[in-house]
Each structure stands twice: as C-alpha cells, then as structure tokens.
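The values are calculated or read from the model by the stated rules, or taken from the named source; none is laboratory data. As the structure is a computational prediction, the values presented were derived from the model and not from experiment. Cβ: placed from backbone, ideal geometry, glycine included. Neighbour counts: every protein chain shown.
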Amino acid sequence: MVDDDQNAILFGGDYNPEQWPEDTWQGDIDKLKQANINVATINVFSWALLEPRENVFNFEQLDRIIALLVRNKIKIILATSTAAIPAWIIQKYPGIARVDVNGIRQKQGKRHNACPNSPDFKRLARGLVKRLVERYKDCPELTYWHVSNEYEGYCYCDNCAVAFREWLQQKYGTLERLNLDWNSNIWSHTYHEWSEIEPPMMTTDLFDNGKPVLSGAAIDYQRFQSDSLLNDFKLERDVIKQFDQQHPVTTNLMGSQKALDYFKWAPEMDIISWDSYPMPDDSAAETAMEHDLMRGLKQQPFLLMEETPNQQNWYPYNALKKPGEMRMLSYQAIAHGANNIAFFQLKQSRSGAEKFHGSVLTHSDSVHTRTFKEVQQLGKEVTKLPMTLNQANVQANVAVIFDWDSYWGLENSIGPLAKLSYVKEVQRFYQMLYGHGLTVDLVAKDADLMKYQLVVAPVLYMMNPQAITNITRYVEQGGTFLTTYMSGIADQTDNIYIGGYPGPLREILGLHIDEHDARSAKQSVRILAMNQSEVGTADGVCDLIIPDTATTLAHYSNDVFYNNYATITRNHYGRGTAYYCGAELSESGLNYLMEKLANTAGLKLGTSPKVEVTTRATAEEKFIFIINTDNREQTIMNPVPLATSLLTGKESATKLVLGPYAVEILHQIL
C-alpha cells in the first residue's frame, strides 16, 4: 500500500525542470515550498531525452530531478512520457505517425501523433515504460503513475483500417449481419468483402461538414478508436502492474470531451484524474457538471490533475481569473470530489506552445506576484483539511444520464438542427437542477438508478436493450424519470426506431411523436400551462407530442399551427412517474418543470442559485462546502448552524454573509 501521507490533500502541479538550467532547480523548489507545494507531476514529455536512439536509454537527468524532489520531500506523480514521440521514431518507423481525417500522414512535432494500432509504437512504448518502472518503482516519494497525457484524437491509417475490420468481425461475425445492422444499402454501401470497409474520413464517407453518409459505420469507428486508445493505456498500465502493484495508475481525462467513452475507460483506471479548464465565461454550473461527470465515472473521489492558477492560453480571449476566483474554483473541485489541487504549470515556460499559459511561478520568477500570493494562501488553507476528507464522497439523490453513444450519434446526424450540441443540451438540464441547489451524479445509462429520487436523461438519442430495461425497471419500481426531445430515437447502430418517437420509451412516457419542428432563437414560441398562463418560451427542437396515457402539463401557444400539441407531459407507469419535455425551454419554463418534478420526487429546492452547497460524507462525519460562485456578496441562512468551520476553527453563524468568491467549509461529526 501507499504510505499514509498520501491520504493528505495533495497540492502541486506539473513541473518541467528539463526546460531549465539545472542550477535553477533548487531555487524553484524553495519558492514553491513557500506556497506549500507538496507534489509535482514530472516526465510527461521526456521520451526524446530518455531514449535518444532506439534501445539507448539515458536516465541521468531524470535521476537528478527525482533525487531533488526526494530531498525536498516533494511527492511525485511520475508520467510515462509516451504522449509525444521523438523525431528518430518517425524517421525510423514512419508508419507510427497518424493519418488525419483528410488522409494526410503526420510527422513528428505535435502531441498525440502516434497511431494507437501501430505494433511498432506498442513495442517501443512497452520498452520505455518497463525501464521506467523497474528503475523508479521503489522511489520513496512516488505516489501515482501517470500514463501518457490527455488521450484524444483519431487515426485513419492502414493499421487502423485493418484493425477496424478485425474489430468489426469480432462484433458482427458476418458481413450479412453487419450490412443488416448498418442498414448499408444506402448509396451503394453494401459490402461483399471485409477489405472493402474503410475508415469514415473526408476522402471516403464524410461530408465537408464532417457528417457521415453511413451513420452505423461512423459510430462504430468512434467506438473502435476509443477502444484502441484504451488498449494503449491498458498496455502501459499492465507493464507498470507487472513490476509495481503498490502505486495507483491513472491518466488525465478531459471532462466531456467527445472522442473517448470514459465510462468504458473508468474500470481500467485505479483512480480518475482530469484537467479542468473552464472557459472564462463558463457558468459555475458548467464547471460543476464536468466535476460531477468525472466523479460519476467510478462513483468515487478523483484527482484534479490540472487547472490554471490564473489564465489559459488557447481560448479566443484568455481572461485572468479575478481575485479569489482560483481559490473558489479549487474548493469547488474538492467539494465535488477532488482529493487534491494541481496546477499546470508550476513554472511558466519561456518558449513554445505554452509560454503564455498561466503558472504558479510566472515569467517574473517572483513570489510577490498576485498569482503566487493567492496560491500561497490556498496552500496554507488546504493543510488544515483533515485526511478523512479523502475518504468522504459526495451524496446525491439526483442523477443525470450522460451517454457517449448519444453524444456521437446525435452530433453525427444531419438535422434537425445544424448545430445541436449534446453537451450543451445536457448542461441545460443540469443547470435546472444545480440552480435549485440539488446535488447531482452523472451516470451511464446502464448504471444502478434505484438509489436516486429523480433521474434525468436529456437528449438520450441512442438506446440499447440494457438501457431500456434499466430505465423501465426504475420507473416501474417507483422512480421519477424525465427525458426530453431527441431521446429514444435510434438503436445502438443508429437505426431509427420505427413506429414513432421516442421509440422504446413510448410506453413508460405514454405518448408518441410523429414530427418535430426546429426553430431559431428569433422564432421562439410561447409555452402555456393548461390554465393558459405562460410558463416560458421555447426554440430549437419542438416535438409535436400526442399523449396516449400521459397527462398534458403544458402546450404550445397559437403562435404556431401546432398549438394543440403538448410540450410537457407526465405519465404514471407502475409505481413511478415519467415526465417528457418536448422543447428547448427558456429558464422560466425549466423552473416550471423543476417544480413539477420536485413535487413528484419529494425534493427540496434551494433558493440561492449563486451559492453552491455541496456535502461530502463518510459514515462518521460530514463536510459541507458553502461556495459563493459569484463576484458579488451573497447572504444565506446557514444549512448547518453551529457547525465548526475548518478554515477558521470557529463555530459558524446562523446567517452567512459570503464575500465575492468566498468559501466556507463546515464540519459535522455524526
């Protein structure tokens, strides 16, 4: 087992001393220790230094870096360096380089430029990782192994084409079955030999807008590439485990990114870690949802592997975080399940792609900057957090289903809207819950739903038999369920269910839909309750709902010809209740819907959307995080008056006055 010190909150980030003269290293560490930095992620992109030629290894510099951190009692997250490959590899094995969606072979330079199905890459990566683990597995400060970095992107090379055909043969068995499941008699796509199947790319099956002709092939290629990259992670993980079964293995994920199905990755990781980089104008709810998704992958606490202490460098406008905002976002991460705080980066690069990315030590190289002082304050505070916090998990009684199949299938579709974003639609309903003070788990569609009072499944476009059974059982046994427009549309190979939308969900919802409209923001339509009072407006997708056994709660106004069709319905099924929202509602419409859901599910709604209250708990104690996510003062009634403040050590007041971005952490012994 890892020593007990790992149970303390880790506070640190990425450190790249190989970019700096060696005589500056100790000075860096001395400064960082003033901010209570106690962990460093190292060796993320050092393959060219570690193996300058094939089977010629040089660990002398890494030895000195590790020795420096050990002397200074800085814990180490040791990366495997396989996320960027050296130039000699591309020169010697050009087939390792990825082919992009346009059919162009890449060369050395960018990250993630190795084909995940290249035998040569697998062999070389295995060799490097084996030597790293053998050399450093007994390092006294080693805490985690960090495989590769931010896996992403697809390859379309001949290696992948061959591997894709093998993957398809294993899945479908015969071409007859594949042609049937893909419904491939479209535009002469019927296949008679496995060798005829090519990766969907711009030179084969994708339109200029990136949308596919044959949707079944496209979603299978996305699944295949996600599996291929996962296999590369597992390869490195297995090498590590062969020599070191003591230290946990992770890789840094990227929230709701599109390329990889993280619910399939999670069981293969010892602990989830991820990189949080909200856009400057992202809401607190959007950031919270990403944390909840990462926690939901394993239903366990996670590591925040990267955030910026002040600003990113890749957005159109890279605004500075306001005073107190970094601290607030860091505590928000801990509140939602993070067991650490880590920055990218600890020392700002002088050159290259990330020279203007924020850092603890900025280009001024001073401990007197605003950024350093804020990090220093946070570093002092996190030392007050008890070790038992790491064993505490978030307690949620509401779940939101997040589904990568639906993500891919919905965004592969041509229509009903040109830009229908799966994540934005999920965020719309997460915001509805978050804004009313509800704590949420984000879960897979086959997760155990029975412990939740309410399950929300926005735009659950793609279904499979297991999900259908899971949701039906939940409602039958007394659950409260909500789904929305563009749900229950297609099966697992993206064939539309025949018989009316929402396909296999028709019975539990008690309705059917033959048509849906698609309206621009300038063409919004009013939504009316049954007493004809306006509950809100809607644009985007607007389903023309025909109730079968469902009760209509709201309908469209006479602004449109389908004013007699339902917009929001409720249906009793078994011992439970299933709601349907057929349109992209405005905030007031979502509030109306939320009140209906809360009444049925027995949920208590909060009243201060700017103040987030989240609880992490064990059987013995509770940690209540009260966070002002706004840049203005907020006042709320204390949900746990007289509890002890972990940050001040004092008893908390009945009423809390929270300054801009203020945080309070209250502790209760049960």
For the stretch 401-422 the number of residues that are in a loop (DSSP other than H, G, I, E, B) and among the acidic types (Asp, Glu) is 1
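Filter the strands (runs of 3 or more DSSP E) completely within the stretch 423-540 down to those with at least 2 residues that are of a type in the set (A, V, I, L, M), under 27 Å from Gln300 (Cα atoms) and in the same structural domain as Asn564 (by TED's automatic domain parsing).
Working: elements: 440-443, 454-457, 480-484, 511-519, 525-529.
Here the list reads 440-443, 454-457.
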When you go through Lys264, Lys234, Lys241 one by one, which is the residue that is in the same structural domain as Gly358 (by TED's automatic domain parsing) and at pLDDT 95 or above?
Lys264
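Looking at Gly659, Gly589, Gly582 in this structure, which one is in contact with an Asp or Glu (Cβ under 8 Å, 6 or more places away or on another chain) and assigned by TED's automatic domain parsing to the domain that holds Ile545?
Numbers: Gly659 fails: assigned by TED's automatic domain parsing to the domain that holds Ile545; Gly589 fails: in contact with an Asp or Glu (Cβ under 8 Å, 6 or more places away or on another chain).
Among Gly659, Gly589, Gly582, only Gly582 is in contact with an Asp or Glu (Cβ under 8 Å, 6 or more places away or on another chain) and assigned by TED's automatic domain parsing to the domain that holds Ile545.
Taking the options Lys373, Lys384, Lys419, Lys380, name whichever one is under 26 Å from the mean Cα position of the chain (by Cα) and charged (D, E, K, R). Spell out how you get there, then give the answer.
Numbers: Lys373 fails: under 26 Å from the mean Cα position of the chain (by Cα); Lys384 fails: under 26 Å from the mean Cα position of the chain (by Cα); Lys380 fails: under 26 Å from the mean Cα position of the chain (by Cα).
Answer to the check: Lys419.
The rows are residues; the columns are (1) touching a residue at least 60 places away in the same chain (Cβ under 8 Å); (2) over 24 Å from Ala418 (Cβ atoms).
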position	(1), (2)
Gly500	no, yes
Leu509	yes, yes
Ala529	yes, yes
Asp539	no, no
Ile546	no, yes
Leu553	no, yes
Leu304 is checked against (1) within 18 Å of Ile9 (Cα to Cα); (2) assigned to a helix (DSSP H, G or I); (3) not small (Gly, Ala, Ser) and fails just one. What number does that condition carry?
(2)
Go through Trp47, Trp20, Trp25 for me and flag whichever is crowded, with 20+ Cβ neighbours inside 10 Å and either of a type outside the set (Gly, Ala, Ser) or within 16 Å of Ser81 (Cα to Cα) (or both).
Trp47
Taking into account only those residues within the stretch 613-637 that are outside any loop (DSSP other than H, G, I, E, B) and either in the same structural domain as Gln300 (by TED's automatic domain parsing) or β-branched (Val, Ile, Thr) (or both), which is surrounded by the fewest Cβ atoms within 10 Å (Cβ to Cβ)?
Thr635
Which residues, counting only those in the stretch 338-355, are at pLDDT below 95 and either among the hydrophobic types (A, V, I, L, M, F, W, C) or more than 21 Å from Glu22 (Cα to Cα) (or both)?
Ala353
Taking the stretch 18-55 as the region of interest, how many residues are among the small types (Gly, Ala, Ser), under 13 Å from Leu69 (Cα atoms) and outside any helix (DSSP H, G or I)?
1
Which residues, taken from the stretch 61-93, are touching a strand residue (DSSP E or B) at 6+ places or on another chain (Cβ under 7 Å), surrounded by fewer than 22 Cβ atoms within 10 Å (Cβ to Cβ) and of a type outside the set (A, V, I, L, M)?
Trp88
If you take the residues in the stretch 188-206 that are among the hydrophobic types (A, V, I, L, M, F, W, C) and touching a residue at least 60 places away in the same chain (Cβ under 8 Å), which one is surrounded by the fewest Cβ atoms within 10 Å (Cβ to Cβ)?
Met202
Suppose we keep only residues that are in contact with a helix residue (DSSP H, G or I) (Cβ under 8 Å, 6 or more places away or on another chain) and among the aliphatic types (A, V, I, L, M) within the stretch 611-651. Which one would you say is modelled with the highest pLDDT?
Ile627
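Kindly indicate whether Leu293 is touching a residue at least 24 places away in the same chain (Cβ under 8 Å) and more than 16 Å from Ala342 (Cα to Cα). Before you say what the answer is, go through the steps one by one.
Details: touching a residue at least 24 places away in the same chain (Cβ under 8 Å): yes; more than 16 Å from Ala342 (Cα to Cα): yes.
In short, yes.
Condition check: under 26 Å from Phe45 (Cα atoms) and either over 24 Å from the mean Cα position of the chain (by Cα) or without any contact (Cβ under 8 Å) to a residue 40 or more places away in the chain (or both). Does Tyr156 satisfy that?
Working: under 26 Å from Phe45 (Cα atoms): yes; either over 24 Å from the mean Cα position of the chain (by Cα) or without any contact (Cβ under 8 Å) to a residue 40 or more places away in the chain (or both): yes.
Taking the combined requirement at face value, the residue satisfies it.
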Failed item in (1) in a helix (DSSP H, G or I); (2) under 19 Å from Ala285 (Cα atoms); (3) among the aliphatic types (A, V, I, L, M), with Leu597 passing the rest
(2)
Any residue in the stretch 198-208 that is part of a helix (DSSP H, G or I), modelled with pLDDT of 95 or more and within 13 Å of Asp494 (Cβ to Cβ)?
no
Could you check the stretch 463-513 and list, in sequence order, the residues that are charged (D, E, K, R) and closer than 25 Å to Lys424 by Cα?
Asp491, Asp494, Arg506
Looking only at the stretch 323-352, which residues are out of contact with any helix residue (DSSP H, G or I) (no Cβ under 9 Å at 6 or more places or on another chain), touching a residue at least 24 places away in the same chain (Cβ under 8 Å) and part of a loop (DSSP other than H, G, I, E, B)?
Phe344, Gln345
